[in-house]
Amino acid sequence: MIQCAGSRNSERPYCSRICCYSAVKNALKIKEQNPGANVFILYRDVRTYGFYETYYAEARKKGVVFVRYTLEEQPKVEANGEKLKVTITDPILKRELQLDTDLLALSTGIIPAAGTDALSQTFKVSLNADGYFLEAHMKLRPVDFAADGLYLCGLAHSPKLIEESIAQANAAAVRAVTLLSKDKLESLGNVAMVNPKWCKGCGLCVEACAYGARVLNEQTRVAEVLDVLCQGCGACVASCPSGACQQKGFEKEQILAMLDASNS
Amino acid sequence: MSVPEQKIQSEFEPKIIAILCNWCSYTGADLAGTARIQYPPNVRIIRVMCSGSVDPLYMIKPILDGGDAVLVGG
């Protein structure tokens, strides 16, 4: 088994978390069914974190051979008749090993689901550098999106073990219940508003809004604010070229009054 | 803009109006407060939700009204 195949390189720098654990589990199963089988796991770093470390120790005890390789010096796979031959330099023996395999398993990394990009654009939620969905805050709001009423869990968020996915799914479900258990939704007071006389209907605010709270009224050609969705970020006010868009609590007169007060 | 001479002679304390973005510089000033870092009271902070929404008028008006500097952070 070759770990980190196509993973943890410049293209996909993240660890897929489940492959080391799966490789060790499969190796133990092979050893259980056929104790005489030679199982080699070629790895860069073994990360069977948490309590799965005991399975890693057990695999070593049962004679599964772990050979380390580096990103610069990767194992080479060649056809050798009907079978595959793997060549690797063992860093401890400092010698080249040639392994004739009956079966070669590549632990390829997990990649974000197809359509993640399109989904993120539809719901206006952000992705991280690896292409997975990004939570609102790693510690304070770990299963929420920045926009209200959207939650994430499992492999949509990042590669993780099934236990972690279940724990995160429970968390996301409970977060959704906190919203559903209320009779009324309280929205912020400092939402944006539009002066329909000045609005030219250019639609820049609709593009600027990260929460889908701005819509262009096709009949009146005036932008409108969906108060419940507005998070009061102020992006639309900044984008408005005609000054039609103001934010409650931050209106021009109010800011000018604050400037006066701070200058006296 | 030249500073009046009598202001230089007496111990000059500038009056600075800082217009700060809620999401970065204002949060930074708040964090400085949380970390108990003191800053001189010459700076008077006005919070806006986005420094992009700062009207040029907000910068000119304090200076016309006798302020010494305007800082826009965002």
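Looking at region A:168-194, which of the residues that are surrounded by 14 or more Cβ atoms within 10 Å (Cβ to Cβ) and within 18 Å of the chain's Cα centre (by Cα) is farthest from A:Pro112 (Cα to Cα)?
The extreme case among them is A:Ala171.
How many residues are farther than 19 Å from A:Tyr21 by Cα, surrounded by 12 or more Cβ atoms within 10 Å (Cβ to Cβ), of a type in the set (A, V, I, L, M) and in contact (Cβ under 8 Å) with a residue 24 or more places away in the chain when one looks only at region A:56-112?
Within region A:56-112, residues that are farther than 19 Å from A:Tyr21 by Cα, surrounded by 12 or more Cβ atoms within 10 Å (Cβ to Cβ), of a type in the set (A, V, I, L, M) and in contact (Cβ under 8 Å) with a residue 24 or more places away in the chain number 5.
Scan region B:49-56 and give yes if some residue there is facing chain A (nearest Cβ under 10 Å), modelled with pLDDT of 90 or more and either open to solvent by less than 40 Å² (accessible area, probe 1.4 Å) or in contact with a Leu (Cβ under 6 Å, 6 or more places away or on another chain) (or both), otherwise no.
Taking every residue of region B:49-56 in turn, none turns out to be facing chain A (nearest Cβ under 10 Å), modelled with pLDDT of 90 or more and either open to solvent by less than 40 Å² (accessible area, probe 1.4 Å) or in contact with a Leu (Cβ under 6 Å, 6 or more places away or on another chain) (or both).
How many residues does region A:236-253 contain that are facing chain B (nearest Cβ under 10 Å) and either among the polar types (S, T, N, Q) or not in a loop (DSSP other than H, G, I, E, B) (or both)?
Residues in region A:236-253 being facing chain B (nearest Cβ under 10 Å) and either among the polar types (S, T, N, Q) or not in a loop (DSSP other than H, G, I, E, B) (or both): 8 in total.
For the structure I just gave you, tell me whether A:Lys197 is outside any strand (DSSP E or B), open to solvent by 30 Å² or more (accessible area, probe 1.4 Å) and outside the structural domain of A:Pro13 (by TED's automatic domain parsing).
yes
Among the residues of region B:23-46, how many are over 14 Å from A:Ala238 (Cα atoms), within 8 Å of chain A (Cβ to nearest Cβ) and open to solvent by 70 Å² or more (accessible area, probe 1.4 Å)?
Looking only at that region, the number is 1.
Looking at (1) surrounded by fewer than 16 Cβ atoms within 10 Å (Cβ to Cβ); (2) closer than 25 Å to A:Thr48 by Cβ, can you tell me which one A:Pro142 breaks?
Exception for A:Pro142: condition (1).
Condition first: closer than 13 Å to B:Gly52 by Cβ and either open to solvent by 50 Å² or more (accessible area, probe 1.4 Å) or more than 9 Å from chain B (Cβ to nearest Cβ) (or both). Now tell me which residues in region A:205-235 satisfy that. Break it down into steps so the answer makes sense when it comes.
Narrowing region A:205-235 to residues closer than 13 Å to B:Gly52 by Cβ: A:205, A:208, A:233-235.
Answer for region A:205-235, where residues must be closer than 13 Å to B:Gly52 by Cβ and either open to solvent by 50 Å² or more (accessible area, probe 1.4 Å) or more than 9 Å from chain B (Cβ to nearest Cβ) (or both): A:Cys205, A:Ala208.
Yes/no per residue for (1) more than 16 Å from A:Ile162 (Cβ to Cβ); (2) at pLDDT 95 or above; (3) surrounded by fewer than 14 Cβ atoms within 10 Å (Cβ to Cβ):
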site	(1), (2), (3)
A:Ala5	yes, no, no
A:Arg8	yes, no, no
A:Arg12	yes, no, no
A:Arg17	no, no, no
A:Ala27	yes, yes, no
A:Gly36	yes, no, yes
A:Val39	yes, yes, no
A:Asp45	yes, no, yes
A:Tyr49	no, no, yes
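The values are calculated or read from the model by the stated rules, or taken from the named source; none is laboratory data. Small disclaimer: the values here were computed from a predicted structure and weren't measured. Glycine gets a Cβ as well: all are built from the backbone with ideal geometry, and neighbour counts include every protein chain shown. The accessibility values were calculated without ligands, DNA or RNA, using every heavy atom of the protein model including side chains. Shrake-Rupley method; radii C 1.70, N 1.55, O 1.52, S 1.80 Å.
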